[in-house]
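The values are calculated or read from the model by the stated rules, or taken from the named source; none is laboratory data. If you're wondering where the values come from, they're calculated on a predicted model, not measured in any experiment. Methodologically, a virtual Cβ is constructed for each residue, glycine included, from the backbone with ideal geometry; neighbour enumeration extends over all protein chains shown.
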Amino acid sequence: MSNPQAIVDLTHEVKRLATSKISDINDINRETTFLALNALIETARAGNAGRGFAVVANQVKHVSARISDITGVLNKELAGSLSRLTDLGDSMIERLRSHDGQRCADLALNMIDIVDRNLYERSCDVRWWATDSAVVDCLSDTNPGAADYASERLAVILSSYTVYRDLWVIDASGTVVATGRQNAYPVRGRKVGDANWCKAALKTTSGADYVACDIEPVSYLNGAHVATYATAIRKGGAADGRVLGVLAIFFDWSPQAAAVVNGVRLTDEEWKRTRCLIIDASCRVIASSDGKGLLEERFPLKAGGRTSGFYQAPDGSTVAFALTPGYETYRGLGWYGVIVQAPATM
């Protein structure tokens, strides 16, 4: 199918050529008229001897006048029509860009909305599982077998919830006492109390509170990129109970995020010129449909204070974006869904 932009560009080129050639004809015609006038002056000086040449000079002047009339009509009608045509074409392209830009902005919003709904569930999981009797007893029961039983319970949860890398129970001193995948990630007995999420979770004031972190690699999980959610484990599992320790859950971000950014509903042709991203509040790329720049690239988003919209980048690409709207009690972390789409080519 023809590329509308190429058609409009060709129209501009035709207009440029027509305007240029009409101008060239006018220049030549002015020279012809000038020569005809000079010829008439010279024939007048020659008297009777120049009368025959005067007829030719007058005819040249007449032809020159006709050419002038024709170029005037061309300039008025052809060039004028081409101007209107290019204006209409430019307007059409602007409307198409606006339509495509808004569509991409809607798709960017859909991306980040899917992420929000998913992470909302993670915020519910961590608060719910922190009240599990096995998890609470692990920190309040002096029986050494309580930690083993808690680990078994966490393993059962992981077998059903495959979106997690691991689940940890940490005591008030910051030591991991139970984990769901000890064989894969042997972290029991390790000190993690210096982690920001652990310190923040210990300071939560209610069982309804939780800590959500940006995507980071965790060395204890073999460097996996995870979204960490944590909350305090409280005595008796009560929302206002005394803090006994922390439950941390590690959402396996990479495969889940890849499914979102690669699941955007674009045509095969659009995918060849489109990059779908999720970036955090600092504009760090945390997911990308091309798999590039993860946790390293900073995307130069120019949102201009808008929560959603699109704009044209200097290279001609359309950048569409949407700020996390949050979902239910999950307010989000200021992340954006971003779609970068290069212009279509012929």
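Checking every residue in the stretch 234-244 against the condition of being hydrophobic (A, V, I, L, M, F, W, C), within 30 Å of residue 138 (Cα to Cα) and assigned to a strand (DSSP E or B) gives at least one match. In the stretch 111-130, the residues that are outside any helix (DSSP H, G or I) reach residues that are of a type in the set (S, T, N, Q) with C-beta atoms within less than 7 angstrom, at least six apart or across chains, in these pairs: 130/231. Just wondering, is there one or more residues in the stretch 250-267 that are assigned to a helix (DSSP H, G or I) and in contact with a Ser or Thr (Cβ under 6 Å, 6 or more places away or on another chain)? So far as the stretch 250-267 goes, yes, one or more of its residues are assigned to a helix (DSSP H, G or I) and in contact with a Ser or Thr (Cβ under 6 Å, 6 or more places away or on another chain). Screening the stretch 305-326 for residues that are more than 10 Å from residue 105 (Cα to Cα) and small (Gly, Ala, Ser) and picking the one that is surrounded by the fewest Cβ atoms within 10 Å (Cβ to Cβ) gives 305.
Per-residue answers, yes or no, for (1) in a loop (DSSP other than H, G, I, E, B); (2) within 25 Å of residue 123 (Cβ to Cβ):
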position: 290; (1), (2): yes, no
position: 296; (1), (2): yes, no
position: 302; (1), (2): yes, no
position: 306; (1), (2): yes, no
position: 311; (1), (2): no, no
position: 315; (1), (2): yes, no
position: 322; (1), (2): no, yes
position: 325; (1), (2): yes, yes
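All conditions in (1) closer than 24 Å to residue 137 by Cα; (2) out of contact with any helix residue (DSSP H, G or I) (no Cβ under 8 Å at 6 or more places or on another chain); (3) assigned to a strand (DSSP E or B) hold for residue 247, with the sole exception of (2).
Out of curiosity, is residue 283 more than 30 Å from residue 150 (Cα to Cα) and buried (at least 19 other Cβ atoms within 10 Å of the Cβ)? No; evaluated as a whole, the condition is false for this residue. Once the stretch 207-230 is narrowed to residues that are in contact (Cβ under 8 Å) with a residue 12 or more places away in the chain and closer than 17 Å to residue 191 by Cα, the residue that is surrounded by the fewest Cβ atoms within 10 Å (Cβ to Cβ) is 222. Residues in the stretch 171-197 that are of a type outside the set (Phe, Trp, Tyr) and within 22 Å of residue 161 (Cα to Cα): 176, 177, 178, 179, 180, 181, 182, 183, 184, 186, 187, 188.
The selection criterion, being assigned to a helix (DSSP H, G or I) and surrounded by 18 or more Cβ atoms within 10 Å (Cβ to Cβ), does not hold for residue 155.
Which pairs do you get when a residue that is at pLDDT 95 or above, found in the stretch 308-319, comes within reach of a residue that is not in a strand (DSSP E or B), reach meaning Cβ atoms under 6 angstrom, with the pair 6+ apart or on two chains? Pairs that qualify, where the first residue is at pLDDT 95 or above and the partner is not in a strand (DSSP E or B), are 319/313.
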